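Right, one structure below, let's go through it.
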Amino acid sequence: MGWDECLAELLVQLGDRGLVAIVKMDGERVRDRWTVLVSGKPLGGELVRWDGNDLDAGLSRVIVQLQERVPGLLE
């Protein structure tokens with residue numbers, strides 16, 4: 001499965017659990033071109049945000065933070 005299919009599946013899973021997820025690439029930035037942002041009721045009004053240049057690493061970090069904040073979220 002390619003990263004694009006994995007990303008689509010991840011976004012669907014997050015949405016199914018009441019979360020809002022945004023993946024943005026900003027071509028005007030020299031550094032931290034990618035932003036991943038997740039918010040929603042399961043996070044109690046807080047959000048998870050990551051900015052960087054390696055999208056795979058950022059998605060992994062966001063997933064870890066989500067699992068720490070909402071145990072069982074992505075099982």
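The set of residues in segment 24-75 being assigned to a helix (DSSP H, G or I) and surrounded by fewer than 11 Cβ atoms within 10 Å (Cβ to Cβ) consists of Lys41, Glu68. Restricting to segment 1-23, name every residue that is touching a residue at least 24 places away in the same chain (Cβ under 8 Å) and outside any helix (DSSP H, G or I). Answer for segment 1-23, where residues must be touching a residue at least 24 places away in the same chain (Cβ under 8 Å) and outside any helix (DSSP H, G or I): Arg17, Gly18, Leu19, Val23.
Cβ-Cβ contacts under 7 Å between residues 6 or more apart (or on different chains), taken from a first residue in segment 56-75 that is within 15 Å of Gln13 (Cβ to Cβ) to a second residue that is in a loop (DSSP other than H, G, I, E, B), are listed as Ile63/Leu74; Leu66/Leu73; Leu66/Leu74; Gln67/Leu73; Gln67/Leu74; Leu73/Arg17. Of the residues examined, Trp50 is one that is out of contact with any Leu (no Cβ under 7 Å at 6 or more places or on another chain) and not acidic (Asp, Glu). Which ones in segment 8-39 are touching a helix residue (DSSP H, G or I) at 6+ places or on another chain (Cβ under 8 Å) and small (Gly, Ala, Ser)? The answer is Gly18, Ala21.
Since every read-out is calculated from the coordinates, none of them should be taken as a lab result. Just so it is clear, the model here is predicted, and its values are computed rather than measured. Cβ: placed from backbone, ideal geometry, glycine included. Neighbour counts: every protein chain shown.
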